[in-house]
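*Asks:* I have a structure here, written as structure tokens, and I will follow up with some questions on it.
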Amino acid sequence: MNEYNIYGDLPVWKNNFQKQNGEFQPNLKFIIAEIGKKEHFADFQTDPQSNLVVFSYAIAKKLSEDLKPTQLRRFYTYVKKLQYKVEPHETNLPPEVLAGLAFLPPKLAGASTRKGEVKPLFKVISACLANEKIKTKPDYDYFVEFFEAILDYHQVLSKEKSNQEESES
């Protein structure tokens with residue numbers, strides 16, 4: 001069974017993958033363009049055509065080709081630590097969290113120059129943070145959920161890949 005059929009015939013699913021060399025590969029350009037269309041990250045919650053769950057699977061599939069789960073977890077831990085600095089009653093993000101978010105793309109950029117497998121994540125996260133898409137607590141909470149979905153799918157896909165490699169050897 002190929003991944004293309006997991007979500008059936010959802011239009012957003014079809015756009016997230018493109019056929020290359022007989023296999024469906026993640027279409028990161030489409031995902032980045034869709035993220036770029038939103039004014040606020042929390043807007044994804046109310047738009048059924050923009051399915052971040054499918055986006056997260058496609059991104060994780062691309063990352064699972066080369067990126068180790070520990071490398072991805074390092075960036076997730078940074079994002080999660082920032083989330084703990086936001087008080088539950090706050091609506092807008094405090095300046096220290098906004099400043100911390102501003103440093104996430106440079107951290108990813110630095111890692112992508114050393115390890116090219118981080119580059120797709122750098123592109124996606126940069127699109128998520130562009131034009132102040134994340135400035136409220138709901139925006140940030142939904143961004144963290146999106147990152148967690150990428151992390152979870154990546155872990156599953158990486159395990160599948162290593163199990164497949166073991167069975168082939």
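*Asks:* Suppose the chain between Asp152 and Lys107 were pulled fully straight at 0.36 nm per residue; how much longer would it get relative to their current alpha carbon spacing?
*Replies:* Values: separation 45, 0.36 × 45 = 16.20 nm, distance 2.12 nm.
Stretched out fully, the Asp152 to Lys107 stretch lengthens by 14.1 nm.
*Asks:* Relative contact order for segment 12-162: what percent, with Cα pairs under 8 Å and sequence separation of 6 or more?
*Replies:* The value is 36 percent.
*Asks:* At 7 Å along the Cα-to-beta-carbon direction for both Asp47 and Lys85, put a label point, then send me their distance in nm to one decimal.
*Replies:* 2.8
*Asks:* How many nm is it between the label spots at Ala99 and His40, if each spot is 7 Å from the Cα in line with the beta carbon?
*Replies:* 2.5
*Asks:* Could you please report the charge total around Ala99, scoring K, R as +1 and D, E as -1 over all other residues with beta-carbon less than 14 angstrom from its beta-carbon?
*Replies:* +2
*Asks:* Out of every Cα-Cα pair in segment 12-162, what percent are more than 23 Å apart?
*Replies:* 33
*Asks:* Under a straight-distance cross-link criterion of Cα-Cα below 19 Å, which lysines are reachable from Lys137, leaving out those fewer than 8 residues away in the same chain?
*Replies:* Straight-distance partners of Lys137: Lys38, Lys80, Lys81, Lys85.
*Asks:* Something else about it: Work out, step by step, the length gained on full extension between Glu132 and Lys68: first 0.36 nm times the residue separation, then minus their alpha carbon distance; give nm to one decimal.
*Replies:* Value of the extension gain: 20.1 nm.
*Asks:* Please list 3J(HN,Hα) in residue order for segment 153-163, calculated via the Karplus relation 6.51 cos²θ - 1.76 cosθ + 1.60 where θ = phi - 60°; whole Hz, with x for glycine and proline.
*Replies:* Each residue's phi maps through the Karplus curve to give 4, 4, 4, 5, 5, 5, 5, 4, 5, 5, 5 Hz.
*Asks:* Give the cross-link partners of Lys61 among the lysines, using a straight C-alpha distance below 16 Å as the criterion and excluding same-chain residues fewer than 8 apart.
*Replies:* Lys14, Lys19, Lys29, Lys119, Lys123, Lys159, Lys161
*Asks:* Something else now. Under 14 Å from the Cβ of Asp152, count the other residues' Cβ atoms, weight Lys and Arg +1, Asp and Glu -1, and hand me the total. List each step's numbers first, then the result.
*Replies:* Details: positive: Lys61, Arg73, Lys80, Lys159; negative: Glu145, Glu148, Glu160.
Counting the neighbours of Asp152, the net charge comes to +1.
*Asks:* With θ taken as phi - 60° and the coefficients 6.51, -1.76 and 1.60, list the Karplus ³J(HN,Hα) couplings across segment 121-138 in order, rounded to whole Hz; mark glycine and proline as x.
*Replies:* 5, 4, 5, 5, 5, 4, 5, 5, 8, 5, 6, 6, 5, 10, 9, 10, 4, x
Read the figures in this text as sums done on the coordinates, not as results from a lab. Quantities reported herein were computed from a predicted structural model and do not represent experimental measurements. Cβ: placed from backbone, ideal geometry, glycine included. Neighbour counts: every protein chain shown.
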